[in-house]
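The values are calculated or read from the model by the stated rules, or taken from the named source; none is laboratory data. All figures in this text were calculated on a predicted structure; none of them were measured in a lab. Virtual Cβ from ideal backbone geometry, glycine too; neighbours counted across all protein chains shown. To get the accessible areas, we keep the full protein, side chains included, count just its heavy atoms, and leave off ligands, DNA and RNA. Shrake-Rupley method; radii C 1.70, N 1.55, O 1.52, S 1.80 Å.
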Amino acid sequence: MNEKADGSAEEKRDLLDALQRRIADKTAKLGVIGLGYVGLPVACLFAQTGFKVVGVDIQAERVAKINAGISPIEGDEPGLAELLAQVISTGMLHATDTYAPLAECDVITINVETPVDEQHIPRYAALQSALRALGPVLQEGALVIIESTIAPGTMAKLVKPILEESSGKRVNAGFYLGHCPERVMPGKLLANLRGVSRVCGGETPETAQVMMALYQQVVEAELDPADCVTAELVKTAENAYRDVNIAFANEVALVCEAVGGDVWRVRELVNKSPGRNMLLPGAGVGGHCIPKDPWLLVYEAQQRGAPIRLIPAARAVNESMPLHMIELLEDALAKVGKTVAGARVLVLGYAYLENSDDTRNSPSAVLVERLRELGAAVVIHDPYVAEYQGDVYEMAQGCDAAVVMVGHGMYRELEWEALRIRLDSPVLIEGRYLLGPSAKQARGFIGQGIGITT
Ligand code: SAJ
């Protein structure tokens, strides 16, 4: 290697070594762009560990709340509110709605939304905006880490070129770049950030090593070095894996309904077979990850004409489940001489997940919209979602049917007879298996559930 190349190689090595040293002694200053349900806990954890952290968010009211030590994150997140108050009071974390303070940061993580649109096309407006605002203030030798979930190929095709263009620097010379996808889950944000392994995808192996040194400061679980495309593939594949497996359970449920089986008993016995782990069929698949990440995984491959069939098909199965619930409701109402049109239907559960208040991409929203289109009146109950809280028995008064969409713990303790006597007709459609078939009949209900025939 000639002198000049050696020199630049040497310089690059020095920049990265210097960064690694500042990470090791925690003199490195961190920036976190996007203070949502991922970015905020990330900022708090690094601040608690001893790094000075500046958090950036475009929502001024969110910034103000955070600087007042008040968490803007909805739902029950154990430890987060206390940790935020602590790191704000010690001054280790400060939030702002401008990018200028990031000029002093050695490491910047980006945790902004990366949705897909109705046509399942990834929409990176937030990511592009963050990269374009960061470039001009990016410090020489800084490390930029994308934590948002992105389609394989995005680091190469979008992140690197935009950051090089907006900063006027070259990757692996003027700045370093990596992708470390988050693996948090609502309700367990801090626990997951500390306890779940991470893939540290670096533009270069040396960058991946520096990322490992950084995350070792907060992550107690195993860290795995990789390149960027591997990190992109792992995160989107792990959620597509879950979606396909849920779709399998849903399709077996449809088979059971058609041939007179009980999918819950079938699942229990299937899972006694070594190496099987059939997931739970149900009224649909919601949330911010599982419905979106399969489309991110396959996007680039589809663009290049790869024969991608299973993952989109699984999405179609899962998306059909709320509508299947309406088919079951129609059949049951017919047995009491009624139709969905004109019926008053009690919907039990509006969150996308049991014991959560999170309604993002909720299957219940699909069910409610379709019921109303068909001319039904809808009464919604959910013990966790503020606008739908209330006395479930009073809400049942005068309804023609009840539909269980979410397996909230409260519903497992419900006085079903007390509910039935308030209904005008004893129709119960079960989307999450709270009552066994016999229990349902014993309580005088009629109507199917997902995967069971009664
Ligand atoms: N669901 C089923 N059947 C199942 C499991 C889930 O119908 O067997 C439905 C749920 O009711 C819900 C949706 O799927 O509507 C998603 O449920 P989820 O348990 O996957 O919960 P999420 O959406 O919070 O998924 C997150 C993901 N974590 C990240 O993306 C970092 C996922 O990778 C985790 O596996 C999951 O949490 C988890 O295990 O808690």
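Key figures for this structure:
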| quantity | calculated |
| --- | --- |
| Failed criterion for GLY390 (all others in (1) open to solvent by less than 20 Å² (accessible area, probe 1.4 Å); (2) at positive phi hold) | (1) |
| Enumeration of residues in segment 388-422 that are within 24 Å of LEU323 (Cβ to Cβ), assigned to a loop (DSSP other than H, G, I, E, B) and touching a Phe, Trp or Tyr at 6+ places or on another chain (Cβ under 9 Å) | MET405, VAL406, GLY407, HIS408 |
| Hits in segment 95-115 (condition: under 13 Å from SER129 (Cβ atoms) and among the aliphatic types (A, V, I, L, M)) | ILE110, VAL112 |
| Qualifying residue in segment 351-359 (condition: in contact with a His (Cβ under 7 Å, 6 or more places away or on another chain) and either modelled with pLDDT under 95 or within 16 Å of the ligand (Cβ to nearest atom) (or both)) | yes |
| Matching residues, segment 189-217, being more than 29 Å from TYR299 (Cα to Cα), within 16 Å of the ligand (Cβ to nearest atom) and in contact (Cβ under 8 Å) with a residue 40 or more places away in the chain | LEU190, ALA191, ARG194 |
| Test: residue in segment 266-288 that is of a type in the set (Asp, Glu), touching a strand residue (DSSP E or B) at 6+ places or on another chain (Cβ under 8 Å), in a helix (DSSP H, G or I) and more than 12 Å from the ligand (Cβ to nearest atom) | no |
| Qualifying residue in segment 223-235 (condition: over 30 Å from MET155 (Cβ atoms), more than 17 Å from the chain's Cα centre (by Cα) and either in contact (Cβ under 8 Å) with a residue 60 or more places away in the chain or within 12 Å of the ligand (Cβ to nearest atom) (or both)) | no |
| Cβ pairs under 9 Å, 6+ apart, first in segment 272-293 and not assigned by TED's automatic domain parsing to the domain that holds MET321 and at pLDDT below 95, second within 7 Å of the ligand (Cβ to nearest atom) and open to solvent by less than 10 Å² (accessible area, probe 1.4 Å) | none |
| Residue within segment 331-349 that is touching a residue at least 24 places away in the same chain (Cβ under 8 Å) and either within 12 Å of the ligand (Cβ to nearest atom) or in contact with a His (Cβ under 6 Å, 6 or more places away or on another chain) (or both) present | yes |
| Every residue from segment 213-265 that is of a type in the set (Val, Ile, Thr), open to solvent by less than 40 Å² (accessible area, probe 1.4 Å) and either outside the structural domain of LEU16 (by TED's automatic domain parsing) or part of a helix (DSSP H, G or I) (or both) | THR236, VAL244, ILE246, VAL252, VAL263 |
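This table checks each residue for (1) within 16 Å of the ligand (Cβ to nearest atom); (2) touching a residue at least 12 places away in the same chain (Cβ under 8 Å).
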| site | (1), (2) |
| --- | --- |
| CYS105 | no, yes |
| ILE110 | no, yes |
| THR114 | yes, yes |
| ALA130 | no, yes |
| GLY135 | no, yes |
| ALA142 | no, yes |
| ILE145 | no, yes |
| PRO161 | no, no |
